[in-house]
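*Asks:* My questions all concern the structure below.
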Amino acid sequence: MATDSRADPDPAAAATPPSEAAALPGIALHGGELPGYDIASLRYEEVRGTERSENPACAPLVELVNLSPEPTPAATVLRTALDASRTGQDATTVVTLLLATYSSHDGAASLLHRVRQAVSACADGFRTRGEEGPSVYSSVTALPAPRAGQEGLAYRLMFAAGGVSSPLVFTVVRGGATVVVFAAANYLDNQVPVIPTALVAAQAAKLPSAPT
């Protein structure tokens with residue numbers, strides 16, 4: 001997941017699944033669409049994680065940390081967004097956006113259902129293993145749900161390493177058969193990053209709608 005660094009702003013350079021070109025460009029935010037924010041494409045190889053949860057009940061949370069949601073989407077696309085007024089500053093919070101579309105709204109609704117259950121089941125934290133070794137998430141906290149899309153949820157993970165806790169925040173919004181995952185992390189200090197309401201609203205407004 002993108003953290004406190006700039007992404008490559010060149011959309012033509014982004015490596016994305018072949019299905020993206022046919023399915024998602026019309027509903028993904030692009031540069032210049034949201035005043036005050038820099039929007040850029042993101043290479044999958046820069047952010048795809050390899051962690052696996054030791055507790056199966058927490059797997060949906062780890063899948064979103066990895067930006068590899070289940071059920072598997074029909075198509076996905078990644079973007080980054082940051083406050084243009086803070087461009088170039090070391091402590092700039094980069095928000096990663098993962099758009100995932102499904103063949104029906106049932107698949108999209110299933111994703112939110114699985115994540116919602118995991119937030120409830122894993123409040124006391126969980127452990128993972130990946131290519132870089134074991135990791136510990138000390139707690140999972142539900143946050144107020146976003147007022148966007150047809151349904152949504154938000155939560156905070158606390159990543160624990162070397163006696164330091166690093167917060168990660170997620171907002172997940174569904175519109176029809178498409179889900180957007182907004183994610184931000186802060187590995188510099190223990191201040192909780194903020195996912196801007198304006199960013200969530202602007203991306204959610206582009207999502208298709210369908211009966212719930």
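The values are calculated or read from the model by the stated rules, or taken from the named source; none is laboratory data. Being a predicted model, the structure only gives us computed values, none of them experimental. Because the Cβ atoms are built from the backbone with ideal geometry, glycine has one as well, and the counts that use them run over all protein chains shown.
*Asks:* Residue by residue through the stretch 16-61, note down the ones that are at pLDDT below 80 and β-branched (Val, Ile, Thr).
*Replies:* Passing the criteria: 16, 47.
*Asks:* Still on this structure, I have one more. What is the residue count in the stretch 107-126 for residues that are at negative phi and free of Cβ contacts under 8 Å to residues at least 40 places away in the same chain? Full working, then the answer.
*Replies:* Applying the first criterion (at negative phi) to the stretch 107-126 yields 107-124, 126.
Checking which are free of Cβ contacts under 8 Å to residues at least 40 places away in the same chain leaves us with 110, 113, 116, 120, 123-124.
Of the residues in the stretch 107-126, 6 are at negative phi and free of Cβ contacts under 8 Å to residues at least 40 places away in the same chain.
*Asks:* Being outside any helix (DSSP H, G or I), surrounded by 14 or more Cβ atoms within 10 Å (Cβ to Cβ) and out of contact with any helix residue (DSSP H, G or I) (no Cβ under 9 Å at 6 or more places or on another chain) narrows it down to one residue among 194, 181, 140, 169; which is it? Step through it out loud before you land on a result.
*Replies:* Numbers: 194 fails: surrounded by 14 or more Cβ atoms within 10 Å (Cβ to Cβ); 181 fails: out of contact with any helix residue (DSSP H, G or I) (no Cβ under 9 Å at 6 or more places or on another chain); 140 fails: out of contact with any helix residue (DSSP H, G or I) (no Cβ under 9 Å at 6 or more places or on another chain).
None of the other options fit; the residue is 169.
*Asks:* Would you be able to say whether some residue in the stretch 122-135 is crowded, with 22+ Cβ neighbours inside 10 Å and not in a strand (DSSP E or B)? Break it down stepwise before answering.
*Replies:* Here is the first cut: in the stretch 122-135, the residues crowded, with 22+ Cβ neighbours inside 10 Å are 122, 126, 128.
Now drop any that are not not in a strand (DSSP E or B), which leaves 122.
Yes; the residues of the stretch 122-135 include at least one that is crowded, with 22+ Cβ neighbours inside 10 Å and not in a strand (DSSP E or B).
*Asks:* Return the residues of the stretch 170-211 that are out of contact with any strand residue (DSSP E or B) (no Cβ under 7 Å at 6 or more places or on another chain) and farther than 18 Å from residue 79 by Cα; say none if nothing qualifies. Spell out the reasoning first.
*Replies:* Step one: list which residues in the stretch 170-211 are out of contact with any strand residue (DSSP E or B) (no Cβ under 7 Å at 6 or more places or on another chain), which gives 175-176, 188-189, 191, 194, 196-198, 201-202, 205-206, 210-211.
If the condition is that a residue be out of contact with any strand residue (DSSP E or B) (no Cβ under 7 Å at 6 or more places or on another chain) and farther than 18 Å from residue 79 by Cα, then 176, 188, 189, 191, 210, 211 are the ones that fit.
*Asks:* Condition check: closer than 24 Å to residue 92 by Cα, at pLDDT 95 or above and surrounded by 20 or more Cβ atoms within 10 Å (Cβ to Cβ). Does residue 118 satisfy that? Explain how you work it out, then say what you get.
*Replies:* Numbers: closer than 24 Å to residue 92 by Cα: no; at pLDDT 95 or above: yes; surrounded by 20 or more Cβ atoms within 10 Å (Cβ to Cβ): yes.
So residue 118 does not fit the description; no.
*Asks:* A further question on this structure: Being assigned to a loop (DSSP other than H, G, I, E, B) and touching a Gly at 6+ places or on another chain (Cβ under 9 Å) is the filter; apply it to the stretch 56-88 and report the residue that is nearest to residue 127 (Cα to Cα). Let's see the steps before the verdict.
*Replies:* The first filter runs over the stretch 56-88 and keeps only residues assigned to a loop (DSSP other than H, G, I, E, B), leaving 66-74, 87-88.
Then drop every residue that is not touching a Gly at 6+ places or on another chain (Cβ under 9 Å), which leaves 66-68, 71-74.
Working: 66: 14, 67: 17, 68: 18, 71: 22, 72: 23, 73: 25, 74: 29 Å.
Only one residue tops the list, namely 66.
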